[in-house]
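Chemist: Got a structure for you, questions after.
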Amino acid sequence: MEFGRYGSAPAGSRIGFENGKIRVPDDPVIPFIRGDGTGPDIWKATQAVLDASVARAFGGKKRIAWFEVFAGDTANQRFQEWLPQETIDAITHYRVAIKGPLTTPIGGGIRSLNVTLRQKLDLYTCVRPVRWFENVPSPVKRPQDVDMIIFRENIEDVYAGIEWRAGSPEADRLIGVIGELGKKIRPGSAIGVKPVSEFGSKRLVRKAIRYAIDHHKPAVTLVHKGNIMKYTEGAFRDWGYEVARTEFGDHTIAEADLGGNPAPAGKVVVRDRIADSMFQQALLRPAEYSVVATLNLNGDYLSDALAAQVGGLGMAPGSNEGDEHAVFEATHGTAPKYANLDKINPSSLILSGVMMLEYLGWHEAAAAVERAVAKTLGQKIMTYDLARQTDGAKEVGTSGFAQALIGNL
Ligand code: NAP
């Protein structure tokens with residue numbers, strides 16, 4: 001298959017999609033974006049670890065045909081475009097991709113490449129699992145109690161970036177219209193719009209509940225600020241309960257219906273928490289939470305706050321998933337001051353690779369990498385970010401960490 005300026009994809013097969021599920025061949029073509037800044041360093045480490053694990057787990061029967069595609073600085077340098085159409089086309093065609101961090105262009109044009117990719121491919125769920133590995137320094141007393149997975153709506157909310165500058169004709173016009181509707185906004189204000197739809201909320205919560213059922217998790221918590229924003233965040237909560245009741249009635253029970261009793265065996269409890277209280281709960285009683293479903297902005301804050309409890313962004317993986325497409329990514333930025341120094345922690349992208357292997361159904365290879373990460377950190381072999389906070393750590397660079405992981409596979 002030819003992709004314009006990128007030429008032909010490497011030999012391999014396309015991931016299929018049938019009856020609502022992906023079908024994975026033994027040699028899937030997977031587009032990857034190396035990323036900017038430290039991206040090339042962490043990508044090299046990640047590719048080596050994933051390839052080694054797949055080769056070992058399946059005795060050479062399965063392999064990934066990596067296809068390099070471009071976005072961000074590299075794309076801008078080569079093609080004078082931040083996000084070439086060929087990249088969108090390749091990911092659309094091959095369905096699963098993985099990416100390093102991208103520089104956010106400053107000034108006009110594209111607001112954020114990540115947001116644009118999510119919107120163009122309709123990757124409506126951001127999935128952020130948060131767990132602790134032994135020996136990883138943490139600011140909390142019991143980081144082992146944090147084992148959550150956050151499903152964050154990825155397309156809507158104020159985060160969709162529908163906003164107008166203070167004093168612009170558009171903002172002034174909206175202030176006028178809102179005035180006609182009986183609500184007062186101070187003249188000259190900037191205006192942002194917060195769209196939250198039934199369709200968008202329900203499909204997000206549906207994914208979270210399905211995950212909880214498939215993975216035998218005890219509860220799904222809908223996190224919202226519906227006490228104040230009744231028609232947006234409050235509606236998200238109500239639509240969430242509705243999905244649970246109407247589509248998963250046999251598998252779920254609302255917390256309010258328990259009457260204080262324990263949940264019946266095999267039922268997922270669906271409950272809601274107000275966002276500010278959830279931030280407290282996440283610190284005080286994290287063990288009581290497993291699957292969280294929330295709106296875009298709440299999810300952005302909550303996933304980084306939780307990541308801080310288990311070692312920070314260098315340890316936090318993530319994915320952006322739609323119905324038939326998924327893009328796995330490092331959750332941190334490009335950390336440009338460490339570019340090409342072989343220094344930064346590659347765990348975020350490597351663990352995103354683990355999520356990708358899980359998504360492909362290559363569970364043996366995924367589990368092996370996760371075990372190797374645990375074992376390597378257990379031996380206190382760490383990159384600078386963790387080593388500087390750990391007594392007796394053996395500090396290694398990005399590639400050294402990858403080699404240690406491969407040795408521990
Ligand atoms: P950043 O790149 O995440 O880096 C901030 C600091 O976090 C680093 O200086 C480093 O701290 C620490 N850090 C980040 N990743 C790490 C890792 N893998 N291992 C160890 N430490 C790590 O944030 P930023 O400087 O605000 O953003 C830089 C660029 O990235 C911007 O253009 C931004 O828009 C973009 N960005 C992209 C994405 C994405 O593509 N997903 C996400 C966020 C930001 P120390 O200095 O303490 O060592």
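Chemist: Once every DSSP H run of n ≥ 4 in the chain is given -39500 (n - 2.57) and the sum is divided by its residues, what mean residue ellipticity at 222 nm do you get, rounded to the nearest 500 deg cm²/dmol?
Modeler: Helix contribution divided over all residues of the chain: -12000 deg cm²/dmol.
Chemist: Classify the range 189-330 as rounded, prolate or oblate from the Cα gyration tensor: take a ≥ b ≥ c as the square roots of its eigenvalues, call it rounded if a/c is under 1.5, otherwise prolate when a/b beats b/c and oblate if not.
Modeler: Cα axes put the range 189-330 in the rounded bin.
Chemist: Rounded to the nearest whole Å³, what is the per residue volume of the convex hull around the Cα atoms of the range 368-409?
Modeler: 55
Chemist: Still on this structure: With all protein chains present, how much of the accessible area of the chain (probe radius 1.4 Å) comes from carbon and sulfur, to the nearest whole percent?
Modeler: 51
Chemist: If we sort 164-170, 386-392 on the protection proxy, mean other Cβ atoms within 10 Å, highest first, what's the order?
Modeler: 386-392, 164-170
Chemist: Return the equivalent ellipsoid semi-axes of the chain as a descending list in whole Å, where each equals the square root of 5 times an eigenvalue of the C-alpha gyration tensor.
Modeler: Ellipsoid half-lengths, sorted descending, are 34, 28, 22 Å.
Chemist: Could you sort 325, 215 by accessible area so the largest value comes first, with the probe set to 1.4 Å?
Modeler: Heavy-atom accessible area, descending, gives 215, 325.
Chemist: In nm, what is the difference between 0.36 nm times the number of residues separating residue 178 and residue 281 and their Cα-Cα distance?
Modeler: 33.4 nm
Chemist: For the chain, give the share of DSSP beta bridges that are antiparallel, in percent and rounded to the nearest 5; count only bridges with both residues there.
Modeler: 40
Chemist: Additional query: Select from 353, 104, 290 the residue farthest towards the positive end of the dipole of the chain; place +1 on Cβ of Lys and Arg, -1 on Cβ of Asp and Glu, and compute about the Cα centre.
Modeler: The Cα lying farthest towards the positive end belongs to 290.
Chemist: Continuing with the same structure: Quick one: of the DSSP bridges fully inside the range 4-156, what percent are antiparallel, nearest 5?
Modeler: The antiparallel proportion sits near 60 percent.
Chemist: A further question on this structure: Using θ = phi - 60° and the Karplus curve 6.51 cos²θ - 1.76 cosθ + 1.60, what whole-Hz ³J(HN,Hα) does each residue of the range 16-23 get, with Gly and Pro shown as x?
Modeler: Rounded to whole hertz, the list is x, 9, 9, 6, x, 10, 6, 10.
Chemist: When ranked by the protection proxy of mean other Cβ atoms within 10 Å per residue, highest first, what sequence do the peptides 121-133, 78-90, 341-353, 58-70 form?
Modeler: Per-residue Cβ counts within 10 Å, averaged per peptide and sorted highest first, yield 341-353, 121-133, 78-90, 58-70.
Chemist: Another question, if that's okay. Can you run phi through the Karplus equation (6.51, -1.76, 1.60; θ = phi - 60°) for the range 116-127 and list ³J(HN,Hα) in whole Hz, with x for Gly and Pro?
Modeler: 4, 4, 4, 6, 5, 9, 6, 7, 7, 10, 9, 10
Chemist: Give me the 1.4 Å probe accessible area per residue for the chain, excluding ligands and nucleic acids, in Å².
Modeler: 45
Chemist: Additional query: Based on Cα coordinates alone, diagonalise the gyration tensor for the range 142-219, multiply each eigenvalue by 5, take square roots, and list the semi-axes in whole Å, largest first.
Modeler: Working from the Cα gyration tensor, I get semi-axes of 39, 15, 10 Å.
Chemist: In percent, what relative contact order does the chain have, based on Cα pairs under 8 Å that are 6 or more apart in sequence?
Modeler: About 22 percent, as a whole number.
Chemist: Provide the packing ranking of 15-22, 226-233, 256-263, i.e. peptides ordered by the mean count of other C-beta atoms within 10 Å per residue, highest first.
Modeler: Averaged packing, sorted descending, gives the order 226-233, 15-22, 256-263.
Chemist: Also, I was wondering about something else. Hey, if you put +1 on the Cβ of every Lys and Arg and -1 on every Asp and Glu Cβ in the chain, which of 378, 275, 174 ends up farthest toward the positive end of that dipole?
Modeler: 378
The values are calculated or read from the model by the stated rules, or taken from the named source; none is laboratory data. Bear in mind the structure is a predicted one, so any value in this text is a computation, not a measurement. Positions of Cβ are backbone-derived with ideal geometry, glycine not excepted, and every protein chain shown enters the neighbour counts. Only protein heavy atoms, including side chains, enter the accessible area calculation; ligands, DNA and RNA are left aside. Shrake-Rupley method; radii C 1.70, N 1.55, O 1.52, S 1.80 Å.
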